[in-house]
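To start, the structure itself, in structure tokens.
The values are calculated or read from the model by the stated rules, or taken from the named source; none is laboratory data. It should be emphasised that the depicted structure is a prediction, and the values quoted were computed from it without experimental measurement. Note that each Cβ is placed from the backbone with ideal geometry, even for glycine, and that neighbours are counted across all protein chains shown. Protein only, heavy atoms only, side chains kept; ligands, DNA and RNA dropped before computing areas. Shrake-Rupley method; radii C 1.70, N 1.55, O 1.52, S 1.80 Å.
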Amino acid sequence: MALERTLILVKPDGVQRRLIGRIVSRIEDKGLQIVAMKMLQITPEMSRQHYAEHVSKPFYPELEGFITSGPVVALIIEGPEAVSVMRTLMGATNGRASAPGTIRGDYGASRQMNLIHGSDGVDSAKKEIAVYFKDSEIFATPLCITPWSWAPEEA
Ligand code: UDP
Ligand code: MG
């Protein structure tokens, strides 16, 4: 096991629907740590960097229109196996198929407007973090609760 970082976005639909607090609460309740967080509007160029693997796909133009349509909240989340823990919390891509109890499963019924982005691997997390954050915007301060959140050998 290892301490990982993952790039999370509350997408424009999550901001518009006033779900920022509920989504961030689920991440904190799970016991993961927020080490960076800000609101911003994604530009088409940032979208092409972020979604490099999807740029040539038929759905990309619509996806770019959606993700640049309004403000998002970007976070870096840290914890043991944070990448896969967040993917499990988020649920499947299509909100109609994602399980109840997951963020996408509880709050949406769309494949595109699925409220939250989370990196799909440690390497993509590194690339995505660099799109949104400078090193000086990341606060890796140990929290007083960390010793009660996971055992040393899990980090
Ligand atoms: N998406 C879409 N149409 C599709 C597939 C995906 O609009 O047919 C959007 C959706 O918002 C999704 C994002 O593109 O979250 C990235 O797709 P991916 O397959 O990487 O899903 P994710 O990793 O977000 O679960
Ligand atoms: Mg993906």
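Details
- Condition met for residue 134 (within 16 Å of ligand 2 (Cβ to nearest atom), within 24 Å of residue 28 (Cβ to Cβ) and surrounded by fewer than 15 Cβ atoms within 10 Å (Cβ to Cβ)): no
- Some residue of segment 7-18 being more than 17 Å from residue 126 (Cβ to Cβ), open to solvent by less than 10 Å² (accessible area, probe 1.4 Å) and more than 13 Å from ligand 1 (Cβ to nearest atom): no
A quick yes/no check of all residues on (1) loosely packed, with under 14 Cβ neighbours inside 10 Å; (2) part of a loop (DSSP other than H, G, I, E, B); (3) within 16 Å of ligand 2 (Cβ to nearest atom):
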{"position": "37", "(1), (2), (3)": "no, no, no"}
{"position": "42", "(1), (2), (3)": "no, yes, yes"}
{"position": "63", "(1), (2), (3)": "no, no, yes"}
{"position": "66", "(1), (2), (3)": "no, no, yes"}
{"position": "70", "(1), (2), (3)": "yes, yes, no"}
{"position": "74", "(1), (2), (3)": "no, no, yes"}
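- Residue in segment 99-123 that is farthest from residue 47 (Cα to Cα), counting only those that are near ligand 1 (Cβ under 9 Å from one of its atoms) and out of contact with any Leu (no Cβ under 8 Å at 6 or more places or on another chain): 110
- Flag if residue 122 is touching a residue at least 60 places away in the same chain (Cβ under 8 Å), of a type outside the set (D, E, K, R) and surrounded by fewer than 18 Cβ atoms within 10 Å (Cβ to Cβ): yes
- Criterion violated by residue 127 - all others in (1) open to solvent by 80 Å² or more (accessible area, probe 1.4 Å); (2) farther than 27 Å from residue 48 by Cβ satisfied: (2)
- Any chance residue 24 is among the hydrophobic types (A, V, I, L, M, F, W, C), away from ligand 1 (no atom under 15 Å from the Cβ) and outside any helix (DSSP H, G or I): no
- One residue stands out in segment 76-121 among those that are acidic (Asp, Glu) and over 12 Å from residue 23 (Cα atoms): the one that is farthest from ligand 2 (Cβ to nearest atom), namely 78.
- Scope segment 82-106; condition crowded, with 20+ Cβ neighbours inside 10 Å and part of a helix (DSSP H, G or I); matching residues: 82, 83, 86, 89, 90, 103, 104
- Looking across segment 143-155, the residues that are hydrophobic (A, V, I, L, M, F, W, C) and open to solvent by 90 Å² or more (accessible area, probe 1.4 Å) come down to 144, 145, 148.
- Checking each residue in segment 93-119 for being polar (S, T, N, Q) and touching a residue at least 60 places away in the same chain (Cβ under 8 Å) picks out 110, 114, 119.
- Test: residue 140 is open to solvent by 30 Å² or more (accessible area, probe 1.4 Å), closer than 15 Å to residue 6 by Cβ, in a loop (DSSP other than H, G, I, E, B) and touching a strand residue (DSSP E or B) at 6+ places or on another chain (Cβ under 8 Å): yes
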